[in-house]
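**Student:** For reference, the structure I am asking about is given below.
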Amino acid sequence: MARNIQSLERAAAMLRLLGGGERRLGLSDIASSLGLAKGTAHGILRTLQQEGFVEQDDASGRYQLGAELLRLGTTYLDVHELRARALVWADDLARSSGESVYLGVLHQQGVLIVHHVFRPDDSRQVLEIGAMQPLHSTALGKVLSAYDPVAHSEALENDRKAFTDRTVCEPEDFEHILDLTRARGYAADVEETWEGVASLAAPIHDRRRMPVGSVGITGAVERLCRSDEEGAVRPELIAAVRDCARAVSRDLGAGRF
């Protein structure tokens, strides 16, 4: 019978420890909880940190789970399951909003559209499943950048192209938008990517409360935005998109948000 590799067992135990209870733990806490010498625990933590599975807070020196583990967790959730869970809710959102609905996930340096529901009218439309959208200017991309550390890094480290005069490209301004997105629970794009087009989106979480995608609607500015306030999205559409995202998240086991 093959023997288990002790260092891997210890690393796995360390990740489980950091994944439960307190969000951040010090070296002494980790070592004592796992019955390890500080030197041994520090060596494992350093390796996990180099691989991106663990992060260390500069101020306190405490450790927490890293973005690479989040990325692997997101990959674990099959995109087909995400799409399957979202089908009914996306159809309902298209009917209630009267607009096209898109479901997006992080892929490389952008947003991959994995599901698209046509606007429920007789207009000619093109199916956009498999299309890519930018992270920094679209509502779907902003949501992913706000909630997913990997998407956040991709959006900041890569060029943020100005598609229109409204596109936000400067890092500080972009970070402000992400803070606002997290505070509101949704993101908007009013002519930042396409002239005359607006969109809004909200995050989808899985059973571990990890962000796995975003869902949103896209349509003409005059339909999505209020007539009495420039750039302001209609509140009933915001509520509909957020309700859809919550419903999909609940179906994925995330519980109530």
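**Student:** Kindly express, to the nearest 10 degrees and within the range 0 to 90, the angle between helix 67-76's C-alpha long axis and the longest C-alpha principal axis of the chain.
**Tutor:** The angle comes out near 70 degrees.
**Student:** In debye to the nearest 20, how big a dipole does the chain give about its Cα centre with +1 on each Lys and Arg Cβ and -1 on each Asp and Glu Cβ?
**Tutor:** On the way: 30 positive and 38 negative charges, 281 e Å.
For this selection, approximately 1360 debye.
**Student:** A further question follows. Taking 0.36 nm per residue of separation and subtracting the Cα-Cα distance, what length does fully extending GLU68 through GLN108 add? Write down the numbers at each step before the final one.
**Tutor:** On the way: separation 40, 0.36 × 40 = 14.40 nm, distance 1.36 nm.
Contour length minus Cα-Cα distance gives 13.0 nm.
**Student:** Rounded to the nearest 0.05, what FRET efficiency is calculated for SER7 and ARG182 with R0 set to 30 Å and r the Cβ-Cβ distance?
**Tutor:** 0.20
**Student:** Another question about this same structure. What's the angle, to the nearest 10 degrees (0 to 90), between helix 38-50's Cα axis and the longest principal axis of the chain?
**Tutor:** Helix 38-50 sits at roughly 30 degrees to that axis.
**Student:** R0 = 30 Å: FRET efficiency of CYS169 with GLN49, Cβ-based, nearest 0.05? If you can, show how the numbers build up before the last one.
**Tutor:** Details: r = 31 Å, r/R0 = 1.05.
FRET efficiency, CYS169 to GLN49: 0.45.
**Student:** Additional query: Residue farthest toward the positive end of the dipole of the stretch 73-152, with Cβ of Lys/Arg at +1 and Asp/Glu at -1: which of HIS115, GLN133, VAL88?
**Tutor:** GLN133
**Student:** Students often get this wrong, so try it: which of [x] 20.7; [y] 19.7; [z] 18.9 is Kirkwood radius over Cα pairs in Å as calculated from the structure shown?
**Tutor:** [y]
**Student:** Still on this model: Quick one: which residues, 5 or more positions from GLY213 or on another chain, have an amide H under 5 Å from its amide H? H modelled 1.01 Å from N in the peptide plane, none for Pro or chain starts.
**Tutor:** Long-range HN contacts for GLY213: ILE204.
**Student:** If you place +1 on the Cβ of every Lys and Arg and -1 on the Cβ of every Asp and Glu, how big does the dipole about the Cα centre of the stretch 44-181 come out, in debye to the nearest 20?
**Tutor:** It comes to approximately 380 debye.
**Student:** Considering only LEU180, TRP194, ASN158, whose Cα is most displaced toward the positive end of the charge dipole of the stretch 144-257, charges sitting on Cβ of Lys, Arg (+1) and Asp, Glu (-1)?
**Tutor:** Comparing the listed Cα positions along the dipole, LEU180 ranks first.
**Student:** Using R₀ = 35 Å, calculate the FRET efficiency as 1/(1 + (r/R₀)^6) where r is the Cβ-Cβ separation of HIS80 and SER28; round to 0.05.
**Tutor:** On the way: r = 44 Å, r/R0 = 1.25.
Efficiency, rounded to the nearest 0.05: 0.20.
**Student:** Express in nm, to one decimal, how much length is gained between ALA131 and ALA239 on full extension, taking 0.36 nm for each residue of separation and deducting their alpha carbon distance.
**Tutor:** 36.3 nm
**Student:** For VAL54, what residues show an amide H to amide H distance below 5 Å, using hydrogens built from the backbone and excluding near sequence neighbours?
**Tutor:** Under 5 Å from the amide H of VAL54: GLN49, GLY66.
All of the numbers you see were taken from the coordinates with simple rules; none came from a lab. Being a predicted model, the structure only gives us computed values, none of them experimental. Cβ sites come from the backbone with ideal geometry, for glycine too, and all protein chains shown count toward neighbours.
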